[in-house]
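> Quick one: this structure, given as structure tokens, is what I'll be asking you about.
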Amino acid sequence: MCGVVAIYAYHPSAPEIDRPELRNIRDRMRVRGPDGFGEWFSANGRVGLGHRRLTIIDLSEAGRQPMTNEDGTLQLVFNGEIYNYKPLRERLLNKGHIFQSHSDTEVLLHLYEEMGEEMVHELRGMFAFALWDEKLKSLLLARDPYGIKPLYYADDGKTARVASQVKALLGGGRVSRVPDPAGIAGFYLSGSVPEPFTTYEQIRSVPAGSTLWIRDRGVGEPKRYFSIAEVFHDAASRRQVLTRDELRHTVRDALLDSVRHHLIADVPVSAFLSAGIDSGAVVGLARDAGMTDLQTITLAFAEYESTEDDESLLAREVADLYGTTHTKRALTEPEFRADLPKILGAMDQPSIDGINTYFVSKAAAEVGIKVALSGLGGDELFGGYPSFRDLPRWVNSLWVPARLPGMGRLVRSVVTPFIPSGISPKAAGMLEYGGTYPGAYLLRRGLFMPWELESLIGKSMAREGLERLNPLHEIGAVLQPDPGGTYARVATLEASLYMRNQLLRDADWASMAHSLEVRVPLVDAELLRALSPLLVSRPGVNTKEFLALSPSVPLPNGVRVRNKTGFSIPVGKWLEQDNGLDVWRRIPELARPGIHWARRWAYTAASLG
């Protein structure tokens with residue numbers, strides 16, 4: 001992976017850009033790209049690009065960035081990998097384009113020359129880039145369809161600043177630190193900051209699957225080119241009813257194609273391995289794709305020994321099955337405490353997750369790994385979460401009473417004071433929220449409920465934050481157009497919200513803290529397009545079974561029937577035992593017995609980060 005930065009003083013009255021500021025932003029992202037750095041400034045001093053490089057494809061100096069085209073009219077900084085860059089390069093060569101490198105970055109430049117911003121439709125991979133077009137006097141920003149790679153921008157009305165990290169933008173010293181109530185409220189509602197918000201008023205995220213132009217008249221509106229809801233919506237008219245064997249082989253072919261693409265690199269590729277279906281299937285498919293020297297990494301904890309949370313035994317069984325070089329890395333409580341300041345420093349925006357990825361990435365880096373495959377995305381695609389059962393059931397049973405004006409809010413206000421300790425406050429909101437998909441999703445994935453925010457962030461910030469965020473509207477917006485069925489609606493919600501705002505973002509900062517690139521072959525737009533007609537045709541079926549059976553040598557039965565526990569670490573126990581992490585005790589609602597550890601960790605992460 002890499003770190004990108006761009007500054008454009010677009011307004012005539014804006015001063016020329018400050019070169020030390022650009023370098024400060026760039027070098028705050030040193031761990032994203034420890035292998036090299038570069039910069040470019042326009043002749044008039046009003047545009048600058050910077051880059052930190054992690055060498056994965058074309059390790060030579062020819063791949064360094066910022067990169068330009070032949071006549072110098074385009075300048076590009078790019079973070080990510082384009083997995084289909086070789087066929088794209090061949091196509092461009094046939095059209096007469098001349099290449100100076102074998103990098104995927106240069107493919108982007110020539111593809112833009114051919115197609116302009118429509119180039120994004122041709123790209124298979126994870127990417128975030130800033131491209132300066134001298135002829136148009138404009139800066140193009142773009143993110144991959146799922147938002148695997150981050151990209152943020154700040155606009156003060158005269159100068160726009162762009163970077164891969166929020167904290168990097170702040171590190172330049174010219175971006176306002178005024179907090180954004182919408183981002184803060186969103187964090188406490190869901191445990192992650194929902195895009196396009198951040199916890200700072202002036203900083204926004206380029207939305208996933210979008211392009212955005214910054215021209216001489218200012219920052220434009222994002223233009224979406226990919227929608228998960230739209231893919232499912234279109235798939236509803238292409239439903240495919242297949243036999244069990246046909247479905248199994250079709251799923252395998254699509255998965256194997258994605259894994260093959262994600263193995264493209266000029267350095268060795270490894271894999272994270274838990275005791276779950278997702279990571280195990282990815283490892284098995286990588287073996288089928290010809291990876292005979294795959295390294296795998298698993299975390300283990302003394303607290304989980306001889307319990308169902310111990311991932312290491314089954315992970316070892318899977319590693320032996322597929323013949324990987326396996327590393328079991330033990331994490332201790334003292335190491336967690338020692339690394340916590342680094343974790344909070346690396347956490348670009350507050351999050352209740354990501355610590356597991358931080359430590360497994362640390363373990364991978366310790367053995368010299370630069371690229372690792374992850375099974376992230378399997379539950380969202382193949383229906384592995386309880387939400388696939390819960391949301392349709394809640395909506396079907398509560399949609400009538402939920403439509404009685406004011407009834408849900410009245411019931412909640414009466415019931416809330418009498419909810420006993422240890423019972424989730426969400427119970428009081430079932431009638432108010434459970435009858436619609438946005439409301440039910442807020443209940444299912446919510447960390448805190450809207451009526452709880454005043455005690456955490458104060459009345460004024462809570463009110464302004466909820467008003468600007470409008471959470472039910474934001475959740476409902478990802479369901480447009482209607483994905484077309486219960487399975488598709490839940491899959492769209494989980495991928496567009498929880499996976500995008502939480503899991504993918506955490507995977508990025510936590511792996512980049514160790515200069516490690518994490519690839520997610522189950523999070524792939526082409527894979528979604530291939531499988532969506534099949535998935536919407538089999539409502540109610542446990543489609544994760546087909547993921548487990550996708551390698552030519554299926555996963556062991558112990559993995560396939562194991563209850564889902566998640567790839568977790570005992571943070572809750574460690575938090576309660578550390579007086580330095582008990583800032584949550586100042587909030588009476590969090591100090592009550594029986595409160596879930598994630599609620600306490602959320603307040604801790606937001607307060608100390």
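The values are calculated or read from the model by the stated rules, or taken from the named source; none is laboratory data. Computed from a predicted model, the values in this text were never measured in an experiment. Ideal geometry is used to build each Cβ from the backbone, glycine not excepted, and the neighbour counts take in all protein chains shown. These area figures cover heavy atoms from the full protein model, side chains too; ligands, DNA and RNA do not enter into them. Shrake-Rupley method; radii C 1.70, N 1.55, O 1.52, S 1.80 Å.
> Counting only the heavy atoms of the protein chains, how much of residue 253 is accessible to a 1.4 Å probe, in Å² to the nearest 10?
100 Å²
> Now a separate question. Using alpha-carbon pairs under 8 Å, 6+ residues apart, how would you state the relative contact order of the chain in percent?
Relative contact order for the chain comes out at 17 percent.
> So, one more: Please report the Cα spread of the chain along all three principal axes, rounded to whole Å, starting with the longest.
Principal axes ranked by extent give 70, 58, 54 Å for the Cα atoms.
> If the chain between residue 389 and residue 39 were fully stretched, how many nm would it gain, using 0.36 nm times the residue separation less the Cα-Cα distance?
120.9 nm
> How much of the accessible area of the chain, in percent, comes from carbon and sulfur atoms when a 1.4 Å probe is used? Please list the in-between numbers first.
On the way: 12020 of 23320 Å².
That fraction is 52 percent.
> Could you sort the peptides 120-127, 105-112 by per-residue average Cβ neighbour count (10 Å cutoff), highest mean leading?
105-112, 120-127
> What ratio of Cα Rg to 2.2 N^0.38 Å holds for region 121-164?
On the way: Rg = 11.9 Å, N = 44, 2.2 N^0.38 = 9.3 Å.
It is 1.29.
> Also, I was wondering about something else. Any idea of the accessible area per residue across the chain, 1.4 Å probe, to the nearest Å²?
38 Å²
> Where does the Debye-calculated log10 I(q)/I(0) of region 1-144 sit at q = 0.13, 0.15, 0.20 Å⁻¹, using only Cα point scatterers of equal weight, no solvent?
Values, matching the q order: -0.54, -0.72, -1.25.
> Using per-residue counts of other Cβ atoms within 10 Å, averaged over each peptide, order 524-530, 92-98 from highest down.
Taking the mean over residues of other Cβ atoms within 10 Å, the ranking is 524-530, 92-98.
> Using packing as a proxy for protection, rank 157-164, 46-53, 279-286 so that the peptide with the highest average count of other Cβ atoms within 10 Å comes first. Present the calculation step by step, with values, prior to reporting the outcome.
On the way: 157-164: 23.8, 46-53: 25.8, 279-286: 28.0.
Per-residue Cβ counts within 10 Å, averaged per peptide and sorted highest first, yield 279-286, 46-53, 157-164.
> A further question on this structure: How many angstrom lie between the Cα centre of region 475-527 and the Cα centre of region 143-175?
20 Å
> Evaluate the distance, in nm, between pseudo-label points positioned 7 Å from the Cα of residue 585 and of residue 553 along their respective Cα→Cβ axes.
Between residue 585 and residue 553, the label points sit 5.2 nm apart.
> Place a point 7 Å from Cα of residue 71 in the direction of its Cβ. Which residues in region 129-168 have their backbone N less than 12 Å from it?
134-136
> Sticking with the crude label model, points 7 Å out along Cα→Cβ, report the distance from residue 330 to residue 309 in nm, one decimal please.
1.8 nm
> How long are the three semi-axes of the equivalent ellipsoid of region 237-327, in whole Å, if each is the root of 5 times an eigenvalue of the C-alpha gyration tensor, listed from largest down?
Numbers: eigenvalues 153, 71, 21 Å².
For region 237-327, the semi-axes come out at 28, 19, 10 Å.
> While we're on this one: Need the full-extension length gain, residue 477 to residue 234, defined as separation in residues times 0.36 nm minus the C-alpha distance. One decimal, nm.
Residue separation times 0.36 nm, minus the Cα-Cα distance, leaves 85.8 nm.
> Using a 7 Å offset from the Cα along the Cα-to-Cβ direction at both residue 221 and residue 243, what is the distance between the two label points in nm, to one decimal?
Label-label distance for residue 221 and residue 243, simple model: 5.1 nm.
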